[in-house]
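The values are calculated or read from the model by the stated rules, or taken from the named source; none is laboratory data. Note that the coordinates shown come from a computational prediction; the quantities given were computed from them, not determined experimentally. Glycine also receives a Cβ, built like all others from the backbone with ideal geometry; neighbour counts cover every protein chain displayed.
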């Protein structure tokens, strides 16, 4: 199973002494790594075999050519550590003095990190000054870095070293040294927790058909072209819509469950009405189409619309205008992007006379995304999706320290499951709720009442 989508937290320690193998720096390096790993485990409940702490002295050698982080033109956009751009680290521990000729390099870096540079580098990395200086030494002009959260904290490195020495020699630890250690631990905890929360909230975005669909979405996100998403129930159609529409203003994203639209109320719901057009119409009201003008309209289960309402929808898609119920002449703009979804076979629906042929061709000649059931996808991708669903459910139930066994992962990723991803989430939630003996979910833990979901002939 690939680890590319697992939670990672990368810390860069920029210090010319970070590589030194003397007792002092080795001890500090080990302490930093232990703190990061301990907090990662406390927040996520998962121990992962991956590198978390990267060390560098603000220069790298490529083909015997030295590349410095800071040049006469400012921060070097090509500077990377282990393939990670410096601007993309989750946290940077920055020293000030980098040795002879570079005594103020750390402060110079902060000076260079103005809004223009941050925008150019797409800088997101927060910084902690881990150095033997006091707050008075922070360069003028760094106030904006503090205000926007780029410069988080100033920690005295000598205090951390003194704390470690006292702890090793079993001497009393001074309060001021303990305070610096506590502040550093708090930064680690806050940033790990923040990234982990964001990671959990983004889990839904991978509940789609792997890399191919992901790249498909990237290409069409900013285009105005309409989209039809097809796939069985529970394969992640709404998650695909959310990914496509995430750049639109929330007030311009209109979601409609077509299965809940009565044909008698179709025009009122979709086109709106004017004041006095019928009893109870005490004021003007926009319909779905007008509300989505300049935005996106999501019609979930579009095949559930009755034939008479399909014809009215098609007219709007062709003209991009609507007339409210009760209005005679005035047309209103309905220039929206349509994203429709269905779990039905539209070709069969047309043949059986339940879906209009002209609306079918209007939808199908744009962009079509077909989502496969989980057991038909690449197994590595399926395992990643299940692992992420598990992490999401475990966090929801406050059981982040629980794990999922490989035999259960393999079974869920290769067997047909009625309800697909939605059912897997329910099964894992039940298993976590019922589990008592150990913190690892195994194949044998699938409850008897859930076995029905693995029956191929359930609805036949």
What number of residues in segment 292-321 are under 29 Å from the mean Cα position of the chain (by Cα) and either more than 12 Å from residue 335 (Cβ to Cβ) or not assigned by TED's automatic domain parsing to the domain that holds residue 261 (or both)? 5
If we keep only residues of segment 221-241 that are touching a strand residue (DSSP E or B) at 6+ places or on another chain (Cβ under 6 Å) and not in a loop (DSSP other than H, G, I, E, B), then the residue farthest from residue 337 (Cα to Cα) is 231
Residue identified as crowded, with 20+ Cβ neighbours inside 10 Å and within 33 Å of the chain's Cα centre (by Cα) among 359, 363: 363
Residue within segment 436-449 that is under 22 Å from residue 240 (Cα atoms), out of contact with any helix residue (DSSP H, G or I) (no Cβ under 6 Å at 6 or more places or on another chain) and at pLDDT below 85 present: no
Of the conditions (1) under 30 Å from residue 316 (Cβ atoms); (2) modelled with pLDDT of 80 or more; (3) surrounded by fewer than 16 Cβ atoms within 10 Å (Cβ to Cβ), the single one that residue 369 does not satisfy is (3)
Quick check on my filter: what residues within segment 149-174 are under 21 Å from residue 10 (Cβ atoms) and at pLDDT below 85? 149, 150
Considering only segment 402-460, state which residues are touching a residue at least 60 places away in the same chain (Cβ under 8 Å) and assigned to a loop (DSSP other than H, G, I, E, B). 402, 419
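Conditions (1) buried (at least 16 other Cβ atoms within 10 Å of the Cβ); (2) over 20 Å from the mean Cα position of the chain (by Cα); (3) over 30 Å from residue 250 (Cα atoms), marked per residue:
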| position | (1), (2), (3) |
| --- | --- |
| 340 | yes, yes, no |
| 378 | no, yes, yes |
| 383 | yes, no, yes |
| 387 | yes, no, no |
Segment 306-358, residues that are in contact with a helix residue (DSSP H, G or I) (Cβ under 7 Å, 6 or more places away or on another chain) and closer than 24 Å to residue 217 by Cβ: 317, 336, 338, 339, 340, 341, 342, 344, 346
Would you check which residues across segment 28-45 are surrounded by 16 or more Cβ atoms within 10 Å (Cβ to Cβ) and in contact (Cβ under 8 Å) with a residue 60 or more places away in the chain and list them? 28, 31, 32, 35, 36, 39, 40, 43, 44, 45
Would it be correct to say that residue 99 is part of a loop (DSSP other than H, G, I, E, B), closer than 18 Å to residue 18 by Cα, out of contact with any helix residue (DSSP H, G or I) (no Cβ under 7 Å at 6 or more places or on another chain) and modelled with pLDDT of 80 or more? yes
Regarding segment 348-361, can at least one residue be identified that is touching a strand residue (DSSP E or B) at 6+ places or on another chain (Cβ under 8 Å), in a loop (DSSP other than H, G, I, E, B) and under 30 Å from residue 277 (Cβ atoms)? no
Could you tell me whether any residue of segment 394-407 is in contact with a strand residue (DSSP E or B) (Cβ under 9 Å, 6 or more places away or on another chain), under 21 Å from residue 213 (Cα atoms) and either buried (at least 19 other Cβ atoms within 10 Å of the Cβ) or in the same structural domain as residue 45 (by TED's automatic domain parsing) (or both)? no
Where in segment 10-67 are the strands (runs of 3 or more DSSP E), entirely inside, with at least 2 residues that are over 27 Å from residue 190 (Cα atoms) and outside the structural domain of residue 395 (by TED's automatic domain parsing)? 59-62
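May I ask you to say which residue of 324, 332 is crowded, with 17+ Cβ neighbours inside 10 Å, assigned by TED's automatic domain parsing to the domain that holds residue 362 and more than 23 Å from residue 361 (Cα to Cα)?
None of the others qualify; the one that does is 324.
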